[in-house]
Amino acid sequence: MKKTGADIFVESLRHEGVKTVFGLPGGVVLKIFDVLCQQKDIELVLTRHEQGAAHMAEGYAKATGKPGVVLVTSGPGMTNIVTGLADAYMDSVPLVAFTGQVSTNLIGNDAFQEADNVGISRPCTKHNVLVKDVNELAQTIKEAFYIAMSGRPGPVLVDIPKDVSTDKGEFKYPDKVNLRGYNPTISGNKNQIKQAAEEIMKAKKPIIYVGGGAIFSDAADEIRELAEMTQIPVTMTLMGLGSFPGTHPLALGMLGMHGGYWTNMAMHYSDLLIAVGARFDDRVTGKLSEFCPEARVIHIDIDPTSIKKTFHAHIPIVGDVKAVLRQMNVMLRAMDGNVAEVKALRAPWLKQVDEWKKAHPLTYKQDSKITKPQFVIERLFELTKHSAIVATDVGQHQMFAAQYFKGTKPRTWLTSGGLGTMGFGFPAALGAQKAFPEKVVLCITSEGSFQMNLQEMATAVEHKLPVKIVLLNNGFHGMVRQWQDLFYDGRYSASYLGRLPDFVKLAEAYNILGLRAEKPGEVEAVLKEGLKHKGPVLMDIYTDPYENCYPMIPAGGAHHEMMLEDPPELTQAKKGGSHKRKVDEGEGVLPA
Amino acid sequence: MEHIISVLVENKFGVLARVAGLFSARGYNIESLSVAPTLDPTTSMITIVTVGDDPIIEQIMKQLNKVVEVLKVVDLTETDFLDRETALIKVHTKPEHRDEAIRIADIFRAKIVDSSPTTYTIEITGDVDKVEALINLLRPLGIREIIRTGRIAIARETTRTTSPRREPALLKT
C-alpha cells in the first residue's frame, strides 16, 4: 500500500524506536505534524523556540545515549537550530534533525520561508541530505540514524520538501544501510594496543586523560578497571566528567584552563599520557609547545582526525574506546598480575600528586555577607549526592560546577563544551528530564545564560518537567568580567547586566515556583525547599559579583603556569573600590 | 610541499561543496581542483592540488576520508604518477608575430585551435612545467587571456585510484 511521505516519516521514526520528538511546526511541515497528532507512539514536545528544541534533543541524547530528534520548519525554523547543530557537532552528540523545505519545484526561487538548509548546515553537521523523492525518504532516515549514532556520533540533518511529505510512495523500512564510503573503525590495532600496554606497565608517572568519547562509548567500567589495576590517576575533560567517579581516590577532577592545581601539575610532569576519547582542545592543553613536555603519548580515539590534529601521539590507536580498553585490559591482566608491584612502582607518583593536592586544593572563603558561587554548588552536591542529573550553561558557574559537583556516573553531566553555548543548559535539562521523569534534574545556570532560552519555562510547565533551576545571579557575564579584570584593566565593557528582571516574578508569570536567597544564610533553606518541590522551580541566588574562578591558566599559558588567586594589584583595585565604584554608578547589580 | 590528492566520491548532489567547504573551513589551500565522473557513473573523481607540510596533509587526508560520500582518498605524490593540464592561451598576433606564434606552438606540439585577424588561440596539454614554459615564451607576444583546466593525475600501473569494483570487468573486455 502506498503511504504519504508524512506517514513514511512517522513509520520510520517508529522503526528507529523514537519516543520523543522536540520541535515546532510551520507551513511546510504541517502534513507531518498532522500525522504526528493522530498517533500515540511518538510524543511531540512543543518548544517555544527552535533553538530550545535542538538543545532539548541534545540533553535527551546526552542523558540517554539515544539519538535526539528535532523537527522544525523551513527557513527560520531551520536557521534557529543551527546553534544546536553546531553545538552537537563540536561535542559529538547524536542528533537527527528534520527540517521542512519548500516544495521541490520552488527550491531556488527565494520562496517564502526558504533557506538553503543543506548548505547552511553543511559545516556544522556530520552529514546532511536533501530528500528529493518520497521513495528515498525511508532509506535516508535509516541512514541518518545510523550515521548519527555510529563512529564518532554527531548531528545529521534531513531536509524534507513539502511535496515529499505529501506525495505517496511505497513504504518498506530498509533493514540495512547502503553507505560504501562510511565505515568507522571499531576495534583497535592489536600491535598498537600491545605496545601501549607495555608502556603503561613501565611508566613511572602516568596519567589517564579522559574525554567525552568515553561517555558515548560507555567505557566507564573499562576506565575504572584500567585505573585501579594499574594505579594510574585519572583526569577528565569538561566533556568527560562522570566517566570516572569524581569521588574516587584516583580521580583528579577536571584538567585544563580551570582544572585543579594538582591535576595540571600532574599533566605537566607526567611521563606517559593516556588520552582516551579526548581531542586535545586548546582549553585543555594551553600552550601546546609546553604541554606535557616529558610525556610519551598514547591516544585512543574513534575519529582518526582527532589524532595528531593539534598534538603528537607516539602510539595512536584508532577505535572505539570501550573496545580498545577491553582489549588492553585483557593484555594488562595477562602481563602482570602482581598488584603489589604495580602499587610500589606508582606509589611515589601518587604521593607527589597528593602533595600537590594538599598544597593547593580548591578554596574559597564564604563569609556571612555575600554568597560565594562555589558554596552553592558544594551544598547542592551534598544535598543531591549521586542521584541528580546536572545540566549547566556556560561561564563561571559552569566551571565552578565542574570543579565542585563531583559527578559519579556517566551521562549525568550535561554541558556545552566545544562550542560554549550560553542558553544550552535549561533546554538540555528539560530534554534529560523528559527522558527520566523520576530523576532529579538540576539546571545550574546564571542570569546571563538563562535569559538566552528562558522561554522554555512554558515548555517545562506544559510537559510537567520538574527541572530545578539554580540560578547563580551575580549581575555580570562573570567569565567576561573575570577576563576584563585580569587582562583589560578592569574595564567592564558590556559585561555588566543592568536592568535584570525579577527572576522570581518571572518564574511566577510562567506558573513556576520562584525562590530567592539574597544572603548566604538563606541558601540552604532555599535549596532544600526547591529540591523538595514537586514541579519546576527557579532558585534565584545572589552571588558575589566579583568572585573569580581559579586555578586559571591564562590563554596561551602552560599547565604549570597557573594563577591560583587574584593577582595582588587586582585585589587592591577591588579593595580600593575602583572596580566596585564602576558598578555602583550603574543601575545597581541586583534587583532591589 | 605540493601534493596531488585523488578523491573518489559518490556522484551526488552537494558532494563537491562538502569537499571544497572542508578546505575553506579548515584553512587548507586549494591550488587547483577538477572533477568529472569516472567509468562508473555513480562515482566522480576530484583531483585536488594542495600545499602543506606533512601534518597538514595528513589531516587533509583524514578529513577527506571522514566525509560520508568519499569512497577513497589517495595522495598521488606518494606514488609514481602522471599529471596533465590543458591550457587555452589567446595571444595577440600582429602580422609580424604570426609566424613566431606558430613556431613556438610547434616546438611544444601545441595546436592553434582558433584564429582571428588579431589573435591565435593555442591549446597545450602537458605537465605543469611544459605549460608554464609555453606561457613564458608566448608572453612577449602579448597574452590576452589564459584558461587552465587545473591538473588531473593518474597513478602508474602499480596503484589504482578508480573504483576497484569496476576494474575486473574492464580487464575482460
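Here are the numbers:
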quantity: Radius 13 Å from Cβ of B:Glu78, net charge of other residues (Lys, Arg +1; Asp, Glu -1); calculated: -4
quantity: Approximate spin-label separation A:His560-A:Gln195, in nm, with each point projected 7 Å along Cα-to-Cβ; calculated: 2.8 nm
quantity: Straight-distance crosslink candidates among lysines, where the alpha carbon sits under 18 Å from A:Lys528 and sequence neighbours closer than 8 are dropped; calculated: A:Lys372, A:Lys385, A:Lys439, A:Lys468, A:Lys519
quantity: nm² value of the averaged projected area, convex hull over the Cα atoms of the range A:420-561; calculated: 10.0 nm²
quantity: Mean Kyte hydropathy of -1.0 or more with a Cα span along the axis of at least 24 Å, helices from DSSP in chain A; calculated: A:339-359
quantity: Cα gyration tensor shape for chain A, rounded if a/c is under 1.5, else prolate or oblate; calculated: oblate
quantity: The range B:2-79 shape via C-alpha gyration tensor axes, a/c threshold 1.5; calculated: prolate
quantity: Gyration tensor verdict on the range A:2-170 (Cα atoms; rounded if a/c is under 1.5, prolate if a/b is larger than b/c, oblate otherwise); calculated: rounded
quantity: Residues with amide H under 5 Å from that of B:Tyr120, placed H, sequence gap 5 or more; calculated: B:Val91, B:Thr93
quantity: Lysine-lysine proximity count for the range A:2-170, Cα under 14 Å, sequence distance 8 or more or distinct chains; calculated: 9
quantity: Burial ordering of A:His127, A:His314, fewest other beta-carbon atoms within 10 Å first; calculated: A:His314, A:His127
quantity: DSSP bridge orientation in the protein assembly as shown - percent antiparallel, rounded to nearest 5; calculated: 40 percent
quantity: Under-5 Å amide H pairs with A:Glu43, H placed in peptide plane, nonlocal only; calculated: A:Thr20, A:Val21
quantity: 20 Å Cα cut-off, lysine pairs counted over the range B:1-147 (separation 8 or more, or different chains); calculated: 7
quantity: Calculated FRET efficiency for the pair A:Ala525/A:Lys351, C-beta based, R₀ 35 Å, to 0.05; calculated: 0.25
quantity: Near-label residues of the range A:497-527 by backbone N, under 20 Å of a point 7 Å along Cα→Cβ of A:Val461; calculated: A:501-516
quantity: Relative contact order (%) - chain B, alpha-carbon pairs under 8 angstrom, separation at least six; calculated: 27 percent
quantity: Calculated from backbone phi, Karplus (6.51, -1.76, 1.60) coupling profile of the range A:299-311 in Hz, x at Gly/Pro; calculated: 10, 9, 7, 7, 9, x, 5, 6, 8, 6, 6, 10, 9
quantity: Fewest-first ranking of B:Leu39, A:Leu380, using other Cβ atoms within 10 Å as the exposure measure; calculated: B:Leu39, A:Leu380
quantity: Rough spin-label spacing in nm, given labels placed 7 Å along Cα→Cβ, for A:Glu136 and B:Ala133; calculated: 4.7 nm
quantity: At R0 = 30 Å, FRET efficiency that the Cβ-Cβ distance of A:Leu46 and A:Leu383 yields, to 0.05; calculated: 0.40
quantity: The range A:217-291 versus the range A:140-156: alpha-carbon centroid distance in Å; calculated: 28 Å
quantity: Calculated FRET efficiency for the pair A:Asn511/A:Val440, C-beta based, R₀ 22 Å, to 0.05; calculated: 0.60
quantity: Extension gain, A:Glu518 back to A:Ser289 (0.36 nm per residue minus Cα-Cα distance, nm); calculated: 77.9 nm
quantity: Backbone N under 20 Å from the B:Arg103 label point (7 Å along Cα→Cβ), restricted to the range B:138-153; calculated: B:138-143
quantity: Packing-based order for A:416-426, A:433-443, A:260-270, using average beta carbon neighbours within 10 Å, highest first; calculated: A:416-426, A:260-270, A:433-443
quantity: Inter-part distance where the range A:335-369 and the range B:88-125 are each reduced to a Cα centre, Å; calculated: 79 Å
quantity: Karplus-derived HN-Hα couplings along the range A:541-547 (A = 6.51, B = -1.76, C = 1.60, θ = phi - 60°), whole Hz, x at Gly and Pro; calculated: 10, 6, 10, 4, x, 10, 5
quantity: Proximal lysines relative to A:Lys194, as straight alpha-carbon distance under 17 Å, when same-chain residues fewer than 8 apart are discounted; calculated: A:Lys202, A:Lys322
quantity: Approximate spin-label separation B:Lys111-A:Lys369, in nm, with each point projected 7 Å along Cα-to-Cβ; calculated: 9.0 nm
quantity: Other-chain or far-sequence residues with amide H under 5 Å of B:Phe81's (modelled H); calculated: B:Arg156
quantity: Residues A:Thr363, B:Thr42 arranged by fewest to most Cβ contacts within 10 Å; calculated: A:Thr363, B:Thr42
quantity: Candidates per chymotrypsin sites (Phe, Trp or Tyr not before Pro) in the range B:1-102, loop by DSSP, up to 13 other Cβ within 10 Å; calculated: B:Phe13
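Since every read-out is calculated from the coordinates, none of them should be taken as a lab result. Worth saying up front: this structure is predicted, and the values here are computed from it rather than measured. Please note: Cβ atoms are built from the backbone with ideal geometry, for glycine as well, and neighbour counts cover all protein chains shown.
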